[in-house]
1. Can you tell me which of 182, 233 is at pLDDT below 75, of a type in the set (Gly, Ala, Ser) and surrounded by fewer than 18 Cβ atoms within 10 Å (Cβ to Cβ)?
2. Out of curiosity, is residue 154 charged (D, E, K, R), within 16 Å of residue 123 (Cβ to Cβ) and touching a Pro at 6+ places or on another chain (Cβ under 9 Å)?
3. Of everything in region 63-77 that's in contact with an Asp or Glu (Cβ under 9 Å, 6 or more places away or on another chain) and among the charged types (D, E, K, R), which residue is surrounded by the fewest Cβ atoms within 10 Å (Cβ to Cβ)?
4. May I ask you to verify whether residue 105 is modelled with pLDDT under 95, of a type outside the set (Asp, Glu), closer than 21 Å to residue 155 by Cβ and not in a loop (DSSP other than H, G, I, E, B)?
5. For region 154-169, check the following and say yes or no: at least one residue is surrounded by fewer than 23 Cβ atoms within 10 Å (Cβ to Cβ) and more than 24 Å from residue 194 (Cβ to Cβ).
6. Based on what the data block shows, is residue 286 buried (at least 19 other Cβ atoms within 10 Å of the Cβ) and either at negative phi or modelled with pLDDT under 80 (or both)?
7. Hey, any hits in region 29-49 for a residue that's aromatic (Phe, Trp, Tyr), in contact with a Leu (Cβ under 8 Å, 6 or more places away or on another chain) and surrounded by 15 or more Cβ atoms within 10 Å (Cβ to Cβ)?
8. Can you find, within region 150-179, the residue that is modelled with the highest pLDDT among those that are in a loop (DSSP other than H, G, I, E, B) and within 17 Å of the chain's Cα centre (by Cα)?
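The values are calculated or read from the model by the stated rules, or taken from the named source; none is laboratory data. Everything quoted here is computed from the prediction, not taken from an experiment. When we count neighbours, we look across all protein chains shown, and the Cβ atoms used for this are built from the backbone with ideal geometry, even at glycine.
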Amino acid sequence: MNVADTYLYYPLIRIPDETLIYSLLYKDRIKRIIPPAHSVGNEDWEEFDRPNRIIRQALGYDFIEEADFYESKRLISEPFFQLVKDSYKTRSPVKFEPLLGKTYKKRFQVTHRIILSGVVYFLYPEKIDPRIFELLESIGWLKEDKQTHRCEVEKELWHVYMTLLAANVSKAKGESISTNFALCEEILRNPVFQEYFGPLIPEHYSKNTKIEEVCINLLFNNCEVVDEQRVQAVPLHNLISLQQAAYIRSGLEDKRVAFCNLINNLINEVVSLQQTDNKAFIELLLKEIVESTIEFNSNLKARVSQELTSDKKSMQDYWFAGLSLCFPLVGVVLDPLFDAGSQLYYGVGAGSIAALISFLALQNYPKRPKPNVDDLAYSSRQKAYLYLNRLLEIRRSKLAQQVDN
């Protein structure tokens with residue numbers, strides 16, 4: 001799988017900003033398992049769609065997509081039905097407790113609960129096969145609230161079902177899955193889970209994903225050295241907002257793809273060589289990438305400076321072009337000047353205005369003769385360096401602001 005491939009996030013419908021920011025910076029799309037709009041209350045749907053509305057302003061399309069889980073729902077129905085039936089009827093629940101938790105038979109009963117308000121662990125009926133729904137309801141492990149159209153279940157059962165559903169969708173579509181719930185990762189490795197659902201889930205569900213996360217985290221935290229000291233370890237998603245990440249992506253799409261291809265090649269190299277100390281080997285490879293990025297950026301700035309010194313007038317249109325390429329970051333700079341509560345989109349609006357001005361200026365500026373393609377074209381690796389350098393610059397700027405404050 002490529003680093004840029006679409007993510008399938010589970011088990012929640014509301015994808016955390018941390019995952020969305022990561023996906024915006026590296027992934028083509030992100031998907032979630034969500035019921036049809038007509039089966040969800042207007043208030044819920046409004047909340048579910050909020051991140052997409054923010055991102056859509058920058059990208060012009062829906063970055064968060066709906067996963068097609070209906071075939072997987074059918075495929076997992078029989079083995080999940082069997083798991084519930086066996087774990088409910090068994091006289092030796094100790095076999096199922098590592099998967100479902102201690103005293104699960106008693107805790108899974110929800111027949112005496114009345115109000116669903118505030119309950120986190122629930123399923124929409126559309127995500128469950130009718131046969132499973134009827135079984136869970138009949139044994140008291142599920143309770144539907146007719147008003148909210150939600151089904152209350154205990155968290156372990158909820159995690160097991162959503163993990164199985166997501167894993168099967170991942171296998172069917174060839175897409176990597178992502179979660180911020182440690183319990184979901186444990187479930188995938190659980191022997192009982194493997195016994196019942198082994199053929200339904202990917203064999204290597206997280207091997208490359210983990211290496212991918214290590215690579216990207218190391219790039220921003222452990223490989224950059226300033227004054228002979230490593231830069232403070234702060235993930236990029238803690239330094240920029242969801243809105244800012246969307247606008248960064250909108251102006252650097254081809255460079256994002258090139259960067260992901262670079263990381264993907266690195267991952268393939270790590271996997272193929274089967275090093276005994278993967279982390280040390282990855283750190284060495286990433287150190288070379290960071291050093292090359294810094295060198296490339298330095299040479300690029302020197303070249304531009306030299307060109308401007310020798311022929312400032314002929315390069316003015318390139319500076320206008322550069323401004324238009326940088327406009328997504330104008331919103332990042334201006335956002336803090338406005339109240340994020342009442343003026344949510346002003347910073348982005350200002351960035352868009354800057355882009356429009358720079359674009360019009362470029363359009364109206366007298367055109368110089370078309371230069372040689374070698375003067376403008378970047379290789380895939382150089383585009384990757386440009387993307388990494390842009391993110392590192394944002395990171396340095398944000399960290400400097402934190403220090404000043």
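1. Working: 182 fails: at pLDDT below 75.
Just a single option satisfies the conditions, and that option is 233.
2. Details: charged (D, E, K, R): yes; within 16 Å of residue 123 (Cβ to Cβ): yes; touching a Pro at 6+ places or on another chain (Cβ under 9 Å): no.
Criteria not met by residue 154.
3. If we take residues in region 63-77 being in contact with an Asp or Glu (Cβ under 9 Å, 6 or more places away or on another chain) and among the charged types (D, E, K, R), then 74 is surrounded by the fewest Cβ atoms within 10 Å (Cβ to Cβ).
4. On the way: modelled with pLDDT under 95: yes; of a type outside the set (Asp, Glu): yes; closer than 21 Å to residue 155 by Cβ: yes; not in a loop (DSSP other than H, G, I, E, B): yes.
In short, yes.
5. No, the conditions are met nowhere in region 154-169.
6. Details: buried (at least 19 other Cβ atoms within 10 Å of the Cβ): yes; either at negative phi or modelled with pLDDT under 80 (or both): yes.
Against the criterion (buried (at least 19 other Cβ atoms within 10 Å of the Cβ) and either at negative phi or modelled with pLDDT under 80 (or both)), residue 286 qualifies.
7. No, there is no match, as no residue in region 29-49 is aromatic (Phe, Trp, Tyr), in contact with a Leu (Cβ under 8 Å, 6 or more places away or on another chain) and surrounded by 15 or more Cβ atoms within 10 Å (Cβ to Cβ).
8. So the first thing to find is which residues in region 150-179 are in a loop (DSSP other than H, G, I, E, B), and the list is 153-154, 174-175, 179.
Keeping just the survivors that are within 17 Å of the chain's Cα centre (by Cα) gives 174-175, 179.
Values: 174: 83, 175: 82, 179: 87.
Looking at the filtered set, the residue picked out is 179.
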